[in-house]
């Protein structure tokens, strides 16, 4: 057998390729190589070339690869570099032309194998109906063939290199010998040279850009060689260089041999770093480069880094290789750890451990001296040692404690003095914390070595931790600058994100020569939004000073590429007007710009809001209603002592657009003699007083010019109105110089409204009992009412200018009722009153007046939708709650493209919960308020709320902190024309959150969600998530770091608000990930369903009031007469309407095709917690879970319990309570395996609150009744 064949056989065996290789994992049988010679090409490989030609870049010459393959000495780096400029076909030819015998033989057989794949199909492992493995074949496709072939090209090119030899040797060391009983599991941590996780991907042809012409060079993406071989080549060169320095007289062969052995040792050692049971995508797993670097560190440092890698999720240790040669073991570390452990057991009342330690130390010193000086002085050493031991024995307890503490301090000092640089970096890392408040300096990966030494030394000298780290931050941020006390103070408590922004600003100032005080740079870094401080830099380039930006940090949150012309050096009135004109308070009817601007600016300057969007958009809640209560008049009546009832108060009209249209029609259609006598008001202020709608103001201005013309008609008015539309829009609506702000509207929208108004005027007539002058007076009165409303609202808002906007918007609608009921006119007092009374009074009044929405009753509000009331009452007034429930009922759908699900995401600071909300979850209406965005019921993006409940392809995603607070939320949609892409309109997050962390958790949670859907739903095809960049100021800087992608619009309905005109790619699942999920998860799901018992299939449906007969019949068959509860039809029907009982209660049928043969029921509803009396949120109380006797014993109860947990979890309720009989439900929940399993799968736990009563079955049998709860983990 040829020599090259024997060595190739061993190399293939070493890499697990002695079996049949497929698609880059294995491609040949060793026996096939027998007839292969260096000059013998394989007939028919042209078939493979032709097959991959469409995907492979145009044929590229590869002289660099041929030269690298034939060169002497170290050539691995050259081969790797050359492969980057090759197409697959050119690389194959280069190896067949210039490669070694083994390289040519390997690749020739690979080509033969791929040729058979093309002809006969690709074999793959599958399973038959009994889940037994069988081999099947699928048709080849060029993408699979070229991927596998390229991986074989890379592998073939590495054959005979010292790096491959080292890898083979390491693999042999880790493989079990004949006497070994089991495989060394660390072998799984060897670098992957095959398959997806080798990260070896072929060069690809790219489509031509539109701008390119036929003669342009075709575009292509270079192939990759993965992570393993480049890292091995780099490490090999470093080791070889060291060996050459140590042994300059050795031959090249000797150097190569020793280097290869050392590299093999490092590779084998590196496999101990990662947990072999963690997947390649695990956040507890490192890349290969980090693994290799770890293997070259000192033992003590290795133990610390390995513990961090395997126990701290997502820990960043990518650059620990810089500590190679700077991580030696500390000779005092073991002793220090021993004494510190011992110190935990020493107390003033228990000093024996300390005394024993001192005695042992003295005894060890005696032995050490004896060994050092020998027997010549043994007598003296023993005599002095005995005296020393006796003196320790004679010490009092206090003296022992003092000496023990002195020994600790000495040892700690010695340990610190002998720490390696790596140990110092680790010490600083842990002293400054590793949670969300971690030091902004990355001590492990990036901190300069000198800074590590100086900071560590300062701490050991007694400098306080805060001061030492603040000084370090100052030095790190401003290298070469004088570090003053003021600068150190400015750097205290700075976050990592702000530090990065500060460093970017400092680099900018150095590049441009712009003189910025370092302290101002720190402050600017704190107000910057973008990660690179480009927003601050843009403002400075526009002429703003550092001080002006610091004082008006909200300017950095402006979402605009236009020049920002905020008058930072102007007076208060100029600033206030600017805030109104550039804010999002879309108010109509005569609001004063400076007053509105004062509200906005005050909230910005106080830090209550960080962006002009957040400081202004909520004011839209205070838009003038068509009718309402005249609060100033009402307060005057209350102050006069008048006894007032709400139903006796007549509401005030603030505008009447129908009457406005009638007035315009009356003027247009009046007789000529009347028009000749008519004097119409012309002043702007008077016109705005008469007309509320801007389109009516425009029509009136037009009529005022032509109303006396004899030939006037609607067409003339239309033409004149459109002629002056541009001028009206600029002078009245944009109103740059005007005193009053008006309705914010686009010119196109104004044009559409004008067309509608003209049509209405043409079809309107002024009634016979009305006259033009009288109508003008009535409309003027309405205008005065509007002015009074605006003055009152403005005054009230200015008094509450620092109150949370959510409180102000919530209480405003109930203000009049609260005042009548005796509450003070403050937001806080109204909120307190509101929590107890508002909804009850509102329902009573609306029912009395007959003004309840047509599709809703008061009983439904307090019954079926009581859970909604609980949630919405946090954010809205009672009238808005009622209308919101009505609106939901009118648009709701039960179909959801994305099923509701809760994902628990483990982080260093605890478990975050990511939720796809259910279609009947009321939080879709409140998460906008909770994050301070405009997705509120009356906000700019109210259409998103409607869409989320109305459209199957839309919904809401929410992320909650480990403490249960909302961290971020998104409205999402799937455009049917792009069914594989989920679009998050944007991410809205609360201020102060770690935005990079939020984006990362979003990515992980949605990836987990999509992969689980692929595993459980064969029709699922969403594999991509796009993210809009809109107004999510808190997260925008992090979002903009994501890759750009084509924007997919929302086409689910007309005029749905969107922040996703620009989009980024959040995640895209590879075909490999999808395939792995479908292959691995489904059996796991099947196991879950079958463990611990094969649970039966049941069908459930919600109980309705019409199901009385079914419930009654089941109860009669299950319970004795004296404990039946549902004999009374009206009582049962009334109960089902209360507290969402219909939502959580259900009937159970035993077969999928059965709709009548019911075997049990569950009765559950929302109620106050009995185990937590002070709890605000309701719990689900499971009142009864009953099963027919003949159906018992088949685990029907398990499935019913699972169904109740599912309904509870989908609706965001985190707790179920019930009274459980000792021998039935209590025993099952506490002891049965199926209960434990279901609880674990759903993420709940069982809590026993003890015996609270006794249960008597009527036959003399008495048993304990326990109060238990099922709580979300």
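Of the residues making up region 691-707, at least one is modelled with pLDDT of 90 or more and under 30 Å from residue 818 (Cα atoms).
Name the residues in region 559-590 that are under 23 Å from residue 1060 (Cβ atoms), in contact (Cβ under 8 Å) with a residue 24 or more places away in the chain and surrounded by fewer than 19 Cβ atoms within 10 Å (Cβ to Cβ), would you? Matches in region 559-590: 559, 582, 586.
Being in contact with a strand residue (DSSP E or B) (Cβ under 8 Å, 6 or more places away or on another chain) and either in a helix (DSSP H, G or I) or more than 27 Å from residue 582 (Cα to Cα) (or both) is the requirement here; does residue 782 meet it? Against the criterion (in contact with a strand residue (DSSP E or B) (Cβ under 8 Å, 6 or more places away or on another chain) and either in a helix (DSSP H, G or I) or more than 27 Å from residue 582 (Cα to Cα) (or both)), residue 782 qualifies.
Counting only residues that are modelled with pLDDT under 80 and in a loop (DSSP other than H, G, I, E, B), how many does region 195-223 have? Number of matching residues: 14.
State whether one or more residues within region 243-257 are at pLDDT below 85 and more than 23 Å from residue 77 (Cα to Cα).
no
Counting the residues of region 277-304 that are under 26 Å from residue 1005 (Cβ atoms) and not in a helix (DSSP H, G or I) gives 11. Residues that are without any contact (Cβ under 8 Å) to a residue 12 or more places away in the chain and out of contact with any helix residue (DSSP H, G or I) (no Cβ under 9 Å at 6 or more places or on another chain) occur at least once in region 835-843.
Pairing residues of region 60-79 that are over 16 Å from residue 161 (Cβ atoms) with residues that are surrounded by fewer than 17 Cβ atoms within 10 Å (Cβ to Cβ) and modelled with pLDDT under 85, at Cβ distances under 9 Å and at least 6 apart in sequence or on separate chains, gives 60/220. With respect to (1) buried (at least 16 other Cβ atoms within 10 Å of the Cβ); (2) in contact with a helix residue (DSSP H, G or I) (Cβ under 6 Å, 6 or more places away or on another chain), the lone exception for residue 646 is condition (1).
Residue-wise test of (1) under 46 Å from the mean Cα position of the chain (by Cα); (2) more than 21 Å from residue 196 (Cα to Cα); (3) outside the structural domain of residue 51 (by TED's automatic domain parsing); (4) in contact (Cβ under 8 Å) with a residue 24 or more places away in the chain.
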site: 97; (1), (2), (3), (4): no, yes, no, yes
site: 139; (1), (2), (3), (4): yes, no, no, no
site: 142; (1), (2), (3), (4): yes, no, no, yes
site: 153; (1), (2), (3), (4): yes, no, no, yes
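Mind checking which residues of region 365-381 are under 23 Å from residue 414 (Cβ atoms) and either loosely packed, with under 11 Cβ neighbours inside 10 Å or in contact (Cβ under 8 Å) with a residue 40 or more places away in the chain (or both)? Listed by number, the residues that qualify are 371, 372. Out of the residues in region 844-865 meeting the condition of being part of a loop (DSSP other than H, G, I, E, B) and touching a residue at least 40 places away in the same chain (Cβ under 8 Å), tell me which one is farthest from the chain's Cα centre (by Cα). Filtering region 844-865 for residues that are part of a loop (DSSP other than H, G, I, E, B) and touching a residue at least 40 places away in the same chain (Cβ under 8 Å), the one farthest from the chain's Cα centre (by Cα) comes out as 864.
Scanning region 80-89 for residues that are within 11 Å of residue 64 (Cα to Cα), in contact (Cβ under 8 Å) with a residue 24 or more places away in the chain and assigned to a helix (DSSP H, G or I) gives 80, 83. If the condition is being part of a strand (DSSP E or B), without any contact (Cβ under 8 Å) to a residue 40 or more places away in the chain and within 20 Å of residue 1101 (Cβ to Cβ), then region 1175-1228 contributes 1180, 1182, 1183. Take the residues in region 417-439 that are in contact with a helix residue (DSSP H, G or I) (Cβ under 8 Å, 6 or more places away or on another chain) and at pLDDT below 85; name whichever of them is surrounded by the most Cβ atoms within 10 Å (Cβ to Cβ). In this case the residue turns out to be 439. Taken together, the criteria place residue 427 among residues that are part of a helix (DSSP H, G or I) and under 51 Å from the mean Cα position of the chain (by Cα). Would you confirm whether any residue within region 626-633 is at pLDDT below 90 and over 28 Å from residue 703 (Cα atoms)? Checked region 626-633: no residue is at pLDDT below 90 and over 28 Å from residue 703 (Cα atoms). Residues being at pLDDT below 90 and under 22 Å from residue 1177 (Cα atoms) are represented in region 944-961 by at least one member.
Within the bounds of region 916-923, is there any residue that is assigned by TED's automatic domain parsing to the domain that holds residue 1009, over 21 Å from residue 1215 (Cβ atoms), in a helix (DSSP H, G or I) and touching a strand residue (DSSP E or B) at 6+ places or on another chain (Cβ under 9 Å)? Steps first, answer last, please.
Initial filter on region 916-923 (assigned by TED's automatic domain parsing to the domain that holds residue 1009): 916-923.
Still in the running and over 21 Å from residue 1215 (Cβ atoms): 919.
Retained after the next criterion (residues that are in a helix (DSSP H, G or I)): none.
Among the residues of region 916-923, not one is assigned by TED's automatic domain parsing to the domain that holds residue 1009, over 21 Å from residue 1215 (Cβ atoms), in a helix (DSSP H, G or I) and touching a strand residue (DSSP E or B) at 6+ places or on another chain (Cβ under 9 Å), which makes the answer no.
Assess whether residue 486 counts as being exposed (fewer than 14 other Cβ atoms within 10 Å of the Cβ) and at pLDDT 90 or above.
Numbers: exposed (fewer than 14 other Cβ atoms within 10 Å of the Cβ): yes; at pLDDT 90 or above: yes.
It is true that residue 486 is exposed (fewer than 14 other Cβ atoms within 10 Å of the Cβ) and at pLDDT 90 or above.
The values are calculated or read from the model by the stated rules, or taken from the named source; none is laboratory data. Worth saying up front: this structure is predicted, and the values here are computed from it rather than measured. Because the Cβ atoms are built from the backbone with ideal geometry, glycine has one as well, and the counts that use them run over all protein chains shown.
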